[in-house]
Each structure stands twice: as C-alpha cells, then as structure tokens.
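Asks: Got a structure for you, questions after.
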Amino acid sequence: MKRSIKVSRICALCMAVMICLSGCGKDFDAAGYVQAILDLTFQGDISRASEFMEEASGESLMRAYQDSIDRFVAANITSGMEIGELKTTRFADLVSQMFMTMRYSVGDADQTGRKEYEVSVDIWPADVFIRFRQFLVADSVKMAEKIEAGEYKGATEEETDQMILNDIVNHAYELLDTACMDIGFGEKETVVLRVNAGKGQEYSVDEDDMDGLIRKILRLDEIQG
C-alpha cells in the first residue's frame, strides 16, 4: 500500500477565511484589516474581524475559520485516506493549536493609490512542517520494512490495507504532535501584503501575497517538491 500523506506538497491555508472577511468605508484601516485577517486565520480570533464585517455573526466567522482548518487537514495531511470523523477532528484540533503559536506583527499601512494600500508584516518562520517531514521520511522507511517483512497480516487484503492505514494515520498524528511540542522559530522576515478595493468597493488582501506569507511563516516553500 502506498503511503498517502503528501508531505512534499503541503499547500497554504484555504482562503475561505479571507474571502468571508471584507472591509469597506471611507476611512479604511488597512493595517487593522490585515490584523483581523491574520488573527482569524491563525488564532481563530473573531474580535477584530467582527469590526470589519458587522453583518456577520460570531458563529459564521468561527465556522469560516474551522472550515479553513478542516480543508487544510483534508488537503495536506489526510488526503487520499478514508479515516473516521474522530481522527479527522483530532488532526484539526492539533493544527489549530499549532497555528495559534505562529508569530507575526502587523506594521503600518502605506497608501499607494486611491484605494490601494501596502501593509508590512513581520513574521518569524516556524519549523514545525520541516521537522514533521523529517519525522515522516524516517517513519516511512520503518513502515516499508514492516510491510516487506509481512508484519501486517489480515484475513483479507482489505483488512491488511486497513491495518497499514491505521498505523500511517496514528503515526502521522503522533509525529505532528511531537513536531508541535517543540516548535522553533527563525529570524524575523518582513513581507508586504497589498490591500485594495475591487469593483464592489470592498477591500481584500491580494491572494498571492497572503499565500506567500503563509508559505513563509510555515516554511512550506522549503519542502515543496
């Protein structure tokens, strides 16, 4: 059975949080808006987001946050594996806890156009996925040896495959948990997020810029294959 966890292709967070959150108004606070997006994305903190989206309930904002976590887990950790809801929830809870440790500091906004801003954000990249990948590579070698030695023996081929899958999932959770318990952070880097208003007069962060920030803060760009 082929190992299904796509460590070398971990993607950035789903943009559902950012899509749900928009800002408008004459005196737009671009730096505050970026802070709200980052706090909701990484902390699950809806307090600032509520200021920019007054019509949205706290429940809907939390649902958007949880959806983004669930999609991240489904796309990057449990992709291709049929596992139960309980194990999926455990992964989601672990990822949420890990995202809450991310370090960032939003700077001032520079207005570069009539409805265009650039907001600088200092980030301290975390090594959690670097270490997680290293753990998985080492574990995959051991798993392959056990499979080759015939240590997984079910009554049917399907049962054998399920036994292997259970070990893969359980090991992945344990290894990610281990990586999360001792996260290291690199030197400060500064990224710039562009914020502008579209035709609907609603402001949004440039998706490529946001994607780049997430890749850098999680060091995903270093393990892309």
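The values are calculated or read from the model by the stated rules, or taken from the named source; none is laboratory data. None of these values were measured; they are calculated from a predicted model. Quick reminder, even Gly has a Cβ in these numbers, built from the backbone with ideal geometry, and neighbours come from all protein chains shown.
Asks: Provide a single number: the residues in segment 57-108 that are surrounded by fewer than 17 Cβ atoms within 10 Å (Cβ to Cβ) and over 30 Å from Val169 (Cα atoms).
Replies: Of the residues in segment 57-108, 7 are surrounded by fewer than 17 Cβ atoms within 10 Å (Cβ to Cβ) and over 30 Å from Val169 (Cα atoms).
Asks: Within segment 10-58, which residues are modelled with pLDDT of 75 or more and of a type in the set (D, E, K, R)? Lay out the reasoning, then the answer.
Replies: Within segment 10-58, the subset modelled with pLDDT of 75 or more is 27-53, 56-58.
Across segment 10-58, the qualifying residues are Asp27, Asp29, Asp39, Asp45, Arg48, Glu51.
Asks: Looking at (1) touching a Leu at 6+ places or on another chain (Cβ under 6 Å); (2) of a type in the set (A, V, I, L, M); (3) closer than 20 Å to Thr78 by Cβ, which one does Val191 not meet, given that it meets all the others?
Replies: Condition not satisfied by Val191: (3).
Asks: Looking at (1) modelled with pLDDT under 75; (2) not in a loop (DSSP other than H, G, I, E, B); (3) not hydrophobic (A, V, I, L, M, F, W, C), can you tell me which one Arg3 breaks?
Replies: Looking at each condition in turn, Arg3 falls short on (2).
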